Amino acid sequence: MPVILVIKSIAGAIVLMAVGATAYVVKDFTGAIIQTPGDAGKGNKDRELALKAKADQIELSDNAPGEKALLKAQRLIAQGAILEAEEKLKYVSSYYPTAKAATRARKILGEINLDRLLDPNIKDGKTEVIVERGDNYSQIISKHKTTMDSLVHFSRLKRADSASLQPGDKLTIMPLEMRVVISVRRKTLTVYNGDTYVKEYPILKSTYKGTDAMELSISSIRGIEGGKSFPSHSSRYLAADKIFNLSDKSLVIRSDVEDAEDDFSVGFSLASADIAELPLLLRPGNEVIIKR
């Protein structure tokens, strides 16, 4: 009888050793230890603590989507490696479009694009026009698909009245073939040059109530001052706030003016600085797409 007890004890020990060995073999292949029945309670508690620690670590870590690539792009900009930075920014914007990092990436990209596009010293995409007898600014901007604001900027004009034009004067013109996409849900107005992203502007306020997508165009750009509007050939146009009338006459794009008492308040409101910038990019006739 004692011999049988000894044999049972040895057999039990062998079983426990086998289970333990199996557990560590599994650990080598899977990274996890299979728990023996006697260790189940302790193991579960240890695993819960480990998972909690890992969750806390993830919550505290700076691993937001696209964040590392965005930081890398910012370092490249600081080093003057603009082209490399652009690639990083485009990557963040394309692969993480709804992340906070993508919004910041698009903003930086927009500033880079605009600096390049509006640099009078960069001649790509611009043409030189010689003023002929009988020309006036209205004819020139209409014929060459640009705006008074853009013409003044690139030609470095000190005056914008047609009386100052002289035959033989040279004007620098950038044809404006942009299009606009307004996203009501995202509250953004994005400018594209063809299919190429230029810049995204935040919409501060919208009174648009439509539920369907709309394809419109810019019908006119006017200056607004003291409740009065001025066409682009007016001497008061350049210094006035700008308003973009759309082909749907009930809609406009304008600056966010809280005390506006005129008839131009239905549509989309942007920051005053952004509205002042848009006539350098957009002209009457440009496509405007409104989507939910």
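The values are calculated or read from the model by the stated rules, or taken from the named source; none is laboratory data. Predicted, not measured: the structure shown is a model, and the values here were computed from it. Note that we place each Cβ from the backbone using ideal geometry, even for glycine, and neighbour counts take in every protein chain shown.
Computed quantities for the displayed model
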item	result
Matching residues in the stretch 75-90 - criterion: being within 19 Å of Thr190 (Cα to Cα) and either crowded, with 17+ Cβ neighbours inside 10 Å or without any contact (Cβ under 8 Å) to a residue 12 or more places away in the chain (or both)	Glu86, Leu89
Some residue of the stretch 127-136 being small (Gly, Ala, Ser), more than 30 Å from Ser220 (Cβ to Cβ) and without any contact (Cβ under 8 Å) to a residue 12 or more places away in the chain	no
Residue list for the stretch 146-169, restricted to those being in contact (Cβ under 8 Å) with a residue 60 or more places away in the chain and in contact with a strand residue (DSSP E or B) (Cβ under 6 Å, 6 or more places away or on another chain)	Thr146
Check on Thr172, in a loop (DSSP other than H, G, I, E, B), in contact (Cβ under 8 Å) with a residue 12 or more places away in the chain and touching a Lys or Arg at 6+ places or on another chain (Cβ under 7 Å)	no
Check on Leu157, outside the structural domain of Thr188 (by TED's automatic domain parsing) and part of a helix (DSSP H, G or I)	no
Flag for Glu225 being among the acidic types (Asp, Glu), modelled with pLDDT under 90 and touching a Lys or Arg at 6+ places or on another chain (Cβ under 9 Å)	yes
Filter result for the condition that a residue is among the charged types (D, E, K, R), at negative phi and in contact with a Phe, Trp or Tyr (Cβ under 6 Å, 6 or more places away or on another chain), over Arg116, Arg186, Arg179, Arg159	Arg179
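Okay, residues lined up against (1) among the aromatic types (Phe, Trp, Tyr); (2) loosely packed, with under 10 Cβ neighbours inside 10 Å; (3) under 19 Å from the mean Cα position of the chain (by Cα); (4) modelled with pLDDT of 95 or more:
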| position | (1), (2), (3), (4) |
| --- | --- |
| Val26 | no, no, no, no |
| Thr30 | no, yes, no, no |
| Ala40 | no, no, no, no |
| Lys45 | no, no, no, no |
| Ala50 | no, no, no, no |
| Asp56 | no, no, no, no |
| Ser61 | no, yes, no, no |
| Pro65 | no, no, yes, no |
| Ala69 | no, no, yes, no |
